[in-house]
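Where a number appears in this text, it was derived from the coordinates with a stated rule and is not lab data. Please read these numbers as outputs of a predicted model, since none were measured by experiment. Note that we place each Cβ from the backbone using ideal geometry, even for glycine, and neighbour counts take in every protein chain shown.
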Amino acid sequence: MYSEKVMDHFQNPRNMGEIEDASGIGTVGNAKCGDIMRIFLDIDGNGIIREAKFKTFGCGAAVATSSMATELVKGKTVEEALQVTNRAVMEALDGLPPVKVHCSLLAEEAIHAALWDYAQKNGIVIKGLEKPKADIHEGEEEEAW
Ligand code: FES
């Protein structure tokens, strides 16, 4: 049911923890399953993500997607990090079962929320970044996942 990569990132999560004085912190939750994900980003003066960490109170797939998402954004510019969509995270994990797709959406939303926090704190605009929703299911109730 789960790929080897998902199992690996679930059993040996990368980047678990928090960053003190993070440049940006994003916390998102899913009202249906109750899972919560928080992502911390350390961004240098050139807009490059030096470090990314996560704390996730959620299912195994949420842990695996947090782990992979933090791996994927490290070393990227904030603009490049926007390309780390839930689809990119799923592909990097060799897929997720359909009922777990929303877990990867949580990872995308948490990264966007952390980037938004960083942009707000520094008074900058990141092209293509929109204000994150507080809950990924706001306005998405009818969508199947
Ligand atoms: Fe909700 Fe995985 S079941 S994030």
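The calculated FRET efficiency for Ser3 paired with Cys33, based on their beta-carbon distance and R0 = 22 Å, is about 0.60. The calculated FRET efficiency for Gln11 paired with Ala88, based on their beta-carbon distance and R0 = 22 Å, is about 0.50. For the chain, the relative contact order is 28 percent, taking Cα pairs closer than 8 Å that sit 6 or more residues apart in sequence and dividing their mean separation by the residue count. Taken about its Cα centre, the chain carries a charge dipole of roughly 220 debye when the Cβ of each Lys and Arg holds +1 and the Cβ of each Asp and Glu holds -1.
Here the residues Asp21, Asp42, ranked from fewest to most Cβ neighbours within 10 Å of their Cβ, fall in the order Asp21, Asp42.
Think of segment 1-45 as a dipole: +1 on every Lys or Arg Cβ, -1 on every Asp or Glu Cβ, centred on the Cα centre; then among Tyr2, Met16, Leu41, Tyr2 lies furthest on the positive end. Name the shape class, rounded, prolate or oblate, that the alpha-carbon gyration tensor gives for segment 48-112, where a ≥ b ≥ c are the square roots of its eigenvalues, rounded holds for a/c under 1.5, and otherwise prolate holds if a/b is larger than b/c and oblate otherwise. Verdict is prolate for segment 48-112. Within the same chain, lysines fewer than 8 places from Lys76 are excluded, and of the rest, those with a Cα less than 30 Å from its Cα are Lys5, Lys53, Lys55, Lys100, Lys121, Lys127, Lys131, Lys133.
Scanning the chain for long hydrophobic helices, with DSSP H runs required to stretch 30 angstrom or more by C-alpha along their axis and to average at least -0.5 on the Kyte-Doolittle scale, returns 101-122. Charges on Cβ only, +1 for Lys and Arg, -1 for Asp and Glu, centred on the Cα centroid of the chain; of Ala64, Val101, Ala31, which one is farthest towards the dipole's positive end? In the chain, that residue is Ala64. Between Lys121 and Asp44, the contour length at 0.36 nm per residue exceeds the alpha carbon distance by 26.4 nm. When a/c reaches 1.5 or more, the comparison of a/b and b/c decides; with that in mind, is segment 74-113 rounded, prolate or oblate per its Cα gyration tensor? It is oblate, given that a/c is not under 1.5 and a/b is not larger than b/c. As an exercise, use a Förster radius of 25 Å and the Cβ-Cβ distance of Phe57 and Glu130 to find the FRET efficiency, rounded to the nearest 0.05. Working from the Cβ atoms, E equals 0.50.
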